[in-house]
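**Student:** Quick one: the structure is below, and I'll ask about it shortly.
The values are calculated or read from the model by the stated rules, or taken from the named source; none is laboratory data. Keep in mind it's a predicted model, so treat the numbers as computed, not measured. Positions of Cβ are generated from backbone atoms using ideal geometry, with glycine treated the same way; all protein chains shown enter the neighbour counts. Ligands, DNA and RNA are excluded from the accessible area calculation, which covers all protein heavy atoms including side chains. Shrake-Rupley method; radii C 1.70, N 1.55, O 1.52, S 1.80 Å.
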Amino acid sequence: MVHWDVIVAGAGQAGCAAAWDLAAGGARVLLLHGGPERPKPCAGGLTIKALRRYRFPVDAVIRERVDRVAMSRAGGPRVLAGAAVPFCVMTHRRELDALCRERALARGAEWRAVAGVRAVRQGAAGVTLTTSEGELLRATWLVAADGAHSPVRRLLQGQPAASPAMALEGHLPRAKARHYPPMTLDFQEVPGGYGWLFPKGDHINVGLYVWRRDRARLGRDHLADYARRALGSGALEEVAGYPLGTWLARRSPRCGRVLFVGDAAGSTEPLLGEGIYGALVTGQLAAGALLAGRPGDYPLLMADWGEELRQVERVTRIFYGVPAFGYAALSRWLAPTLLAGYAAGLTLGGTKRAWRSLRGRRRLRGSPGA
């Protein structure tokens, strides 16, 4: 029986990031994928900080470059904010994942489609996975990149107690839309969350997000109604809902010979539900720890991102807890600084730290080359 150095369960952004780095480092890697019939729903926006984490260009799947955003609260008038250079690009998640899988395989990872994982058994020498088809797969280490409902985590530890964030999205063909919008965030479209419109060339990604799914129910009727009010049509295609893991600061990303990454690790930022950056960071850090022969360092390597998420969660509680105040501060004062920080490739915490220093404030206020 083949014995891999690492099995990566899940071929989304976190799994592909880990597989690419592991294969590049000389490890024998098996990348497990649920198959093209179960694509990961995702709004597909990539911040500049996320773009800079890729080991290869992703220009082939970029559909729009964004340097402005429209915002509103509770159905009020929208205001427009912008940056001197793009702070975000739009991709279609299916295309982005396919590109990243291709790059991981080209780098040397092996690939296999499975229907699911039935059992995980750990021992002194490694990990054995039993697939839903009954096949046994063995490796020294397992990287679990299988989402917020991670079957691997449930088999080993049970589902996290914290209620994750939730998103619901669909695609509206551009030809059916009343107009083609800029990137749009409509806060309080749902309690404790927002609605979004992301332009993607031939379609508009329309979605609803809530940072605690026990605070509001997201339904297809609400999503279609939002699309009708915003774009003139509720004829959405490929409607799907999905949880987002936001519990990294409260739960270890390692369990024996298993390293959790992406949503399985709870690495999504809770304010807006941005998950791709956290997926890339955690996938690459897990790969680095394994290649260095120091898997026990993985939780320590994750400490900075965990602290960032703790700070963002505090902001999230205030922003959605007192939405009138939070939105007023964002739309009247904070938006230009935040967009400049994102355009510079900073996180929310990094933008805050830059603003505290005189040099940082000049950089955020200055020209693209400042």
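**Student:** Just to be sure before I move on: is GLU308 among the charged types (D, E, K, R), in contact with a Ser or Thr (Cβ under 9 Å, 6 or more places away or on another chain) and in a helix (DSSP H, G or I) in the structure I sent?
**Tutor:** When the stated conditions are applied, GLU308 passes them.
**Student:** Report every pair of residues separated by at least 6 positions or lying on different chains whose Cβ atoms are under 8 Å apart, first residue within the range 56-69 and more than 14 Å from GLU102 (Cβ to Cβ) and in contact (Cβ under 8 Å) with a residue 40 or more places away in the chain, second open to solvent by 70 Å² or more (accessible area, probe 1.4 Å) and in a strand (DSSP E or B).
**Tutor:** Pairs found: ARG68/LEU80; VAL69/LEU80.
**Student:** Please give the number of the condition LEU51 fails out of (1) modelled with pLDDT of 95 or more; (2) more than 18 Å from the chain's Cα centre (by Cα); (3) of a type in the set (A, V, I, L, M, F, W, C).
**Tutor:** Failing condition for LEU51: (2).
**Student:** Next question, about the same structure. Please go through the range 170-197 and pick out each residue that is open to solvent by less than 10 Å² (accessible area, probe 1.4 Å) and more than 24 Å from SER331 (Cβ to Cβ).
**Tutor:** GLY170, LEU172
**Student:** Determine, yes or no, whether LEU346 is of a type outside the set (Lys, Arg) and either on the phi > 0 side of the Ramachandran plot or not in a helix (DSSP H, G or I) (or both).
**Tutor:** Considered against the rule, which asks whether it is of a type outside the set (Lys, Arg) and either on the phi > 0 side of the Ramachandran plot or not in a helix (DSSP H, G or I) (or both), LEU346 comes out as yes.
**Student:** From (1) out of contact with any strand residue (DSSP E or B) (no Cβ under 6 Å at 6 or more places or on another chain); (2) crowded, with 17+ Cβ neighbours inside 10 Å; (3) in contact (Cβ under 8 Å) with a residue 24 or more places away in the chain, pick out the condition that doesn't hold for VAL258.
**Tutor:** The single condition VAL258 does not satisfy is (1).
**Student:** Report those strands (runs of 3 or more DSSP E) wholly inside the range 83-182 carrying at least 2 residues which are touching a Ser or Thr at 6+ places or on another chain (Cβ under 9 Å).
**Tutor:** Qualifying strands (runs of 3 or more DSSP E): 88-91, 117-122, 136-144, 165-173.
**Student:** Something else now. So which residues in the range 198-218 are within 17 Å of ALA165 (Cα to Cα) and open to solvent by 30 Å² or more (accessible area, probe 1.4 Å), if there are any at all?
**Tutor:** Selection gives ARG212, ARG213, ASP214, ARG215, ARG217, LEU218.
**Student:** Right, another one. Which pairs do you get when a residue that is closer than 24 Å to GLU274 by Cα, found in the range 93-113, comes within reach of a residue that is at pLDDT 95 or above and surrounded by fewer than 16 Cβ atoms within 10 Å (Cβ to Cβ), reach meaning Cβ atoms under 6 angstrom, with the pair 6+ apart or on two chains?
**Tutor:** Between residues of the range 93-113 that are closer than 24 Å to GLU274 by Cα and residues that are at pLDDT 95 or above and surrounded by fewer than 16 Cβ atoms within 10 Å (Cβ to Cβ), the close pairs are ARG103/PHE56.
**Student:** Tell me, yes or no, whether the range 119-127 has at least one residue that is under 26 Å from the mean Cα position of the chain (by Cα) and either open to solvent by 40 Å² or more (accessible area, probe 1.4 Å) or more than 23 Å from PRO295 (Cα to Cα) (or both).
**Tutor:** Our first condition is that a residue be under 26 Å from the mean Cα position of the chain (by Cα); within the range 119-127, this holds for 120.
Still in the list and also either open to solvent by 40 Å² or more (accessible area, probe 1.4 Å) or more than 23 Å from PRO295 (Cα to Cα) (or both): none.
Scanning the range 119-127 turns up no residue that is under 26 Å from the mean Cα position of the chain (by Cα) and either open to solvent by 40 Å² or more (accessible area, probe 1.4 Å) or more than 23 Å from PRO295 (Cα to Cα) (or both).
**Student:** Now for a separate question. Look through the range 219-244, keep the residues that are under 21 Å from the mean Cα position of the chain (by Cα) and modelled with pLDDT of 95 or more, and return whichever of them is least open to solvent (accessible area, probe 1.4 Å).
**Tutor:** LEU223
**Student:** Would you confirm whether any residue within the range 328-343 is β-branched (Val, Ile, Thr), open to solvent by 50 Å² or more (accessible area, probe 1.4 Å) and out of contact with any strand residue (DSSP E or B) (no Cβ under 6 Å at 6 or more places or on another chain)?
**Tutor:** no
**Student:** Output the number of residues of the range 54-85 satisfying the condition of being among the hydroxyl-bearing types (Ser, Thr, Tyr), closer than 17 Å to CYS16 by Cβ and more than 18 Å from the chain's Cα centre (by Cα).
**Tutor:** Kept after step one, since they are among the hydroxyl-bearing types (Ser, Thr, Tyr), are these residues of the range 54-85: 54, 72.
The next check asks that each one be closer than 17 Å to CYS16 by Cβ; those that pass are 54.
Next, from what is left, pick out any that are more than 18 Å from the chain's Cα centre (by Cα): none.
Of the residues in the range 54-85, 0 are among the hydroxyl-bearing types (Ser, Thr, Tyr), closer than 17 Å to CYS16 by Cβ and more than 18 Å from the chain's Cα centre (by Cα).
**Student:** While we're on this one: What are the residues in the range 18-32 that are open to solvent by 10 Å² or more (accessible area, probe 1.4 Å) and not in a loop (DSSP other than H, G, I, E, B), if any? Spell out how you get there, then give the answer.
**Tutor:** First pass over the range 18-32, keeping only residues open to solvent by 10 Å² or more (accessible area, probe 1.4 Å): 20-21, 23-28.
TRP20, ASP21, ALA23, ALA24 - these are the residues of the range 18-32 that are open to solvent by 10 Å² or more (accessible area, probe 1.4 Å) and not in a loop (DSSP other than H, G, I, E, B).
**Student:** Among the residues of the range 304-326, are any open to solvent by 60 Å² or more (accessible area, probe 1.4 Å), within 27 Å of ASP67 (Cβ to Cβ) and aliphatic (A, V, I, L, M)?
**Tutor:** yes
**Student:** What's the total number of residues in the range 149-169 that are at pLDDT 80 or above, open to solvent by 20 Å² or more (accessible area, probe 1.4 Å) and among the aliphatic types (A, V, I, L, M)?
**Tutor:** Residues in the range 149-169 being at pLDDT 80 or above, open to solvent by 20 Å² or more (accessible area, probe 1.4 Å) and among the aliphatic types (A, V, I, L, M): 3 in total.
**Student:** Follow-up question, since we're still on this one. Between residues in the range 187-201 that are under 14 Å from ARG63 (Cα atoms) and part of a loop (DSSP other than H, G, I, E, B) and residues that are open to solvent by less than 10 Å² (accessible area, probe 1.4 Å) and at pLDDT below 95, which pairs lie under 8 Å by C-beta distance while being six or more apart or on different chains?
**Tutor:** Here the result reads LYS200/GLY44, each pair linking the range 187-201 to a residue that is open to solvent by less than 10 Å² (accessible area, probe 1.4 Å) and at pLDDT below 95.
**Student:** While we're here: It is to be established whether one or more residues within the range 40-60 are in a helix (DSSP H, G or I), of a type in the set (Lys, Arg) and surrounded by fewer than 19 Cβ atoms within 10 Å (Cβ to Cβ).
**Tutor:** Within the range 40-60 (the criterion being in a helix (DSSP H, G or I), of a type in the set (Lys, Arg) and surrounded by fewer than 19 Cβ atoms within 10 Å (Cβ to Cβ)), the answer is no, since none of the residues qualifies.
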